[in-house]
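All remarks here apply to the structure that follows.
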Amino acid sequence: MTSTIAHSLVHIDGSFGEGGGQILRNAVALSALLSKPISIPNVRHNRKPPGLRKQHEAGIILAAAICSAETEGVHLSSTSVTFKPGKIELPKILTADPGTAGSTTLLLQVSLPCLLFFSSPTSPSQLTLHGGTNAIQAPQIDFTQHVFLPFMKRHFGLDIALNIIRRGYFPKGGGAVFCSIPSLTEALPPVTLTERGSVQLIRGEARVGGLPFIIAERMKNAACATLIAAGVSPTIIRIDAVRETPEEAFGSGGGILLFAETDNGCVISGSSVSTKSRDPEEIGKKAVEELLRNLRHDGCVDEHLQDQLIIFIALAKGRSTIKTGPLTDHTITAIKIAEQMTGATFHLQQNPSGFVIISCDGIGYTPSP
């Protein structure tokens, strides 16, 4: 692979599948890695309003900074984007700030694949992300910390450090997250994960910032009561209530993340974010309902981790096989983009009981010197 652009534009329909920002994140990340320029019409066609929001604009600008890309249409409300990657320079000390409560976890999604392969062997990339840490319609930063990154370490050997400097709640944002991302010198290994094992422990945190501590306690108590009513033994439930200091959080808000740990090392989550229109008891109950729904299908990853893994198994060397619950629209979309951009081959086996076996013959990607 050379640093010059030798490919014609790859056209990716922004209205496909979930028709939202995930198409942008996955396509732009793979464009930067593979030196394939892309054109995306119908950006966020299935969202209201359609077009780029500030967080998507910030994510594309971040990716462009990583690979010295030329871009067109990267501005608020744009419905057509062109991204032409150039040369990647090392090492990287980067920052991104949408100026809103846009999700820091989504900014990480677009940048992490690029930085894993293009960090310096002796100097990890340093990435500071500003915005929302516990936002609706996006994984909370707690999910990244307790589910996604442990999976990446266990199955890919990647020790990615994440430090929550300050939480930022909707609608003000103002959060800050620091990541240190090591380099990969060889292709990612394939993942085989088809036996979930039995649940040994259910842990979690119900947290608030800028709100009374009793709200976190009410979320926690409702979650515990809902789990016990569903037949979960109280001896395996470990949920904490947390209230952040003004120095630890900007704005006021909260949320809850629960995760079940199995004896095979799988982590299955359920979460919910506080809103003014819902009682804390409803928030705690909703997180439990999501957790139990994910456990019911006997998958080895939950619905949020499911789609985030697609890029990595497409880039890995050899065949990965992962048992999931029913495929989400995000996962179906991620598979389509990965196949179109990388040439990796996916096979899906859907079981009548609800679980799916995703198999992928990855491309064994390694960066050129």
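The values are calculated or read from the model by the stated rules, or taken from the named source; none is laboratory data. This structure is a prediction, so every number in the text was calculated from the model and none was measured. When we count neighbours, we look across all protein chains shown, and the Cβ atoms used for this are built from the backbone with ideal geometry, even at glycine. To get the accessible areas, we keep the full protein, side chains included, count just its heavy atoms, and leave off ligands, DNA and RNA. Shrake-Rupley method; radii C 1.70, N 1.55, O 1.52, S 1.80 Å.
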Is at least one residue of region 166-189 at positive phi and open to solvent by less than 20 Å² (accessible area, probe 1.4 Å)? yes
Among the residues in region 53-72, are any part of a strand (DSSP E or B), touching a residue at least 24 places away in the same chain (Cβ under 8 Å), closer than 22 Å to I332 by Cα and open to solvent by less than 10 Å² (accessible area, probe 1.4 Å)? no
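Give the residue, chosen from R243, R278, R218, that is closer than 25 Å to Y169 by Cβ, without any contact (Cβ under 8 Å) to a residue 40 or more places away in the chain and not in a loop (DSSP other than H, G, I, E, B).
Details: R278 fails: not in a loop (DSSP other than H, G, I, E, B); R218 fails: without any contact (Cβ under 8 Å) to a residue 40 or more places away in the chain.
Within the list R243, R278, R218, the selection yields R243.
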Would you check which residues across region 286-309 are free of Cβ contacts under 8 Å to residues at least 40 places away in the same chain, out of contact with any helix residue (DSSP H, G or I) (no Cβ under 8 Å at 6 or more places or on another chain) and over 21 Å from I228 (Cβ atoms) and list them? none
A careful count of residues in region 287-309 that are among the charged types (D, E, K, R), part of a loop (DSSP other than H, G, I, E, B) and open to solvent by 10 Å² or more (accessible area, probe 1.4 Å) gives 1
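Considering only region 313-327, state which residues are in contact (Cβ under 8 Å) with a residue 40 or more places away in the chain and surrounded by fewer than 24 Cβ atoms within 10 Å (Cβ to Cβ).
Narrowing region 313-327 to residues in contact (Cβ under 8 Å) with a residue 40 or more places away in the chain: 313-323.
Hits for region 313-327 are K317, G318, R319, T321, I322, K323.
Please go through region 168-216 and pick out each residue that is among the β-branched types (V, I, T) and either at pLDDT 95 or above or under 30 Å from T275 (Cα atoms) (or both).
Within region 168-216, V177, V191, T192, T194, V199, I202, V208, I214, I215 meet the criteria.
Answer yes or no as to whether A138 is in contact (Cβ under 8 Å) with a residue 60 or more places away in the chain, of a type outside the set (S, T, N, Q), in contact with a helix residue (DSSP H, G or I) (Cβ under 9 Å, 6 or more places away or on another chain) and open to solvent by 10 Å² or more (accessible area, probe 1.4 Å).
Values: in contact (Cβ under 8 Å) with a residue 60 or more places away in the chain: no; of a type outside the set (S, T, N, Q): yes; in contact with a helix residue (DSSP H, G or I) (Cβ under 9 Å, 6 or more places away or on another chain): yes; open to solvent by 10 Å² or more (accessible area, probe 1.4 Å): yes.
Spelling it out, it is not the case that A138 is in contact (Cβ under 8 Å) with a residue 60 or more places away in the chain, of a type outside the set (S, T, N, Q), in contact with a helix residue (DSSP H, G or I) (Cβ under 9 Å, 6 or more places away or on another chain) and open to solvent by 10 Å² or more (accessible area, probe 1.4 Å).
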Part of a loop (DSSP other than H, G, I, E, B) and within 28 Å of R207 (Cβ to Cβ), is that true of L76? no
Per-region count, region 109-127, residues under 16 Å from the mean Cα position of the chain (by Cα) and open to solvent by 10 Å² or more (accessible area, probe 1.4 Å): 1
Residue ID - farthest from the chain's Cα centre (by Cα), chosen from residues in region 73-92 that are without any contact (Cβ under 8 Å) to a residue 24 or more places away in the chain and surrounded by fewer than 16 Cβ atoms within 10 Å (Cβ to Cβ): E89
Within region 281-308, tally of residues that are out of contact with any strand residue (DSSP E or B) (no Cβ under 7 Å at 6 or more places or on another chain) and within 19 Å of I141 (Cβ to Cβ): 4
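Which residue out of R207, R203 is in contact with a Gly (Cβ under 7 Å, 6 or more places away or on another chain) and either open to solvent by 40 Å² or more (accessible area, probe 1.4 Å) or of a type outside the set (A, V, I, L, M) (or both)? Break it down into steps so the answer makes sense when it comes.
Values: R203 fails: in contact with a Gly (Cβ under 7 Å, 6 or more places away or on another chain).
Being in contact with a Gly (Cβ under 7 Å, 6 or more places away or on another chain) and either open to solvent by 40 Å² or more (accessible area, probe 1.4 Å) or of a type outside the set (A, V, I, L, M) (or both) holds for just one of R207, R203, which is R207.
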Working only within region 228-249, note down all residues that are more than 26 Å from the chain's Cα centre (by Cα) and surrounded by 15 or more Cβ atoms within 10 Å (Cβ to Cβ). V232
The lone exception for I283 - which of (1) touching a helix residue (DSSP H, G or I) at 6+ places or on another chain (Cβ under 7 Å); (2) part of a helix (DSSP H, G or I); (3) closer than 24 Å to G17 by Cα it fails: (3)
For L149: the one exception among (1) open to solvent by 10 Å² or more (accessible area, probe 1.4 Å); (2) of a type in the set (A, V, I, L, M); (3) more than 21 Å from L291 (Cβ to Cβ): (3)
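For region 225-240, which positions are in contact (Cβ under 8 Å) with a residue 60 or more places away in the chain and hydrophobic (A, V, I, L, M, F, W, C)? Spell out how you get there, then give the answer.
Filtering region 225-240 for residues in contact (Cβ under 8 Å) with a residue 60 or more places away in the chain gives 226-227, 230.
Scanning region 225-240 gives L227, A230.
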Assess whether E339 counts as being open to solvent by 60 Å² or more (accessible area, probe 1.4 Å) and either in contact with a helix residue (DSSP H, G or I) (Cβ under 6 Å, 6 or more places away or on another chain) or in contact (Cβ under 8 Å) with a residue 12 or more places away in the chain (or both). yes
Which one is nearest to F170 (Cα to Cα), of the residues in region 102-135 that are in a strand (DSSP E or B) and hydroxyl-bearing (S, T, Y)? S103
